[in-house]
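Since the structure comes first, as structure tokens, the remarks are kept for the end.
The values are calculated or read from the model by the stated rules, or taken from the named source; none is laboratory data. Not measured: the values here are computed from a predicted model. Don't worry about glycine lacking a Cβ; one is built from the backbone with ideal geometry, like all the others, and counts go over all protein chains shown. Side chains included, ligands, DNA and RNA excluded: accessible areas come from the protein's heavy atoms. Shrake-Rupley method; radii C 1.70, N 1.55, O 1.52, S 1.80 Å.
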Amino acid sequence: MRTLVVLAGLALIAAPATAQTTLGLKGGVGFGTVTIEQEGVEEESVSGFVAGMELGVPVSNALRLRFGGTYAQKGGSGNVEGGKITLGFDYVQLSALARVGTSGGGVSIGVMAGPWAAYRLSCEVEGTLEGLSVVTPCVDPPFADFDIKTLDFGVAFGGGVEFPLAGSVRLGLDALYSLGLASIDEDDSKTRHLTIQSGFVIPVG
């Protein structure tokens, strides 16, 4: 029995960093669009800030589950005849992604995918028509009829790379595309969001 305990302890000490539970602290920029189901509207993207943290739980040397919480600025813009409307949203987003990648103590390259759900903290509309501009919350006239939903959800997929730094700390770079599946208004509009982020991945267990 004592020998088994010693061997188990040595196995834990010898476990590579990629097989440990990790905490990721990341931030970056996001590019969002909103699909507008209306003829004659030309969709454009808007940029915003993203920041969050994630817990990486190893399932095997190649598979890791990443449970994340993120603050994300999303939105979109649409050009119509004689004017332009821009939507801006602040979300708290939760995700559960599966990452499959190379293992070992060196550079790790992987792909990831999984579901996410988001709660809207705020919503702002900027409208420009014939040189006149107005910025207002979505709930105020003249944009109150937009009836933007509070909850959004969908699937995300992307890829990333992790580089070893000093000790067991790693530098992570990710590109993630979030595809909204819920209608955020009565016109069946949906969110699209591309996130490019970087940060530190720290072993915690």
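Key figures for this structure:
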quantity: Residue count, segment 142-187 (criterion: among the acidic types (Asp, Glu), more than 18 Å from residue 86 (Cβ to Cβ) and open to solvent by 70 Å² or more (accessible area, probe 1.4 Å)); calculated: 1
quantity: Near pairs, Cβ below 8 angstrom, 6+ apart or cross-chain, from segment 119-131 (over 18 Å from residue 183 (Cα atoms)) to any residue that is at pLDDT 80 or above and open to solvent by less than 50 Å² (accessible area, probe 1.4 Å); calculated: 126/86; 126/88; 127/86
quantity: Test: residue in segment 85-108 that is more than 20 Å from the chain's Cα centre (by Cα), more than 19 Å from residue 191 (Cα to Cα), among the β-branched types (Val, Ile, Thr) and at pLDDT below 95; calculated: yes
quantity: Flag if residue 50 is surrounded by 15 or more Cβ atoms within 10 Å (Cβ to Cβ) and touching a strand residue (DSSP E or B) at 6+ places or on another chain (Cβ under 7 Å); calculated: yes
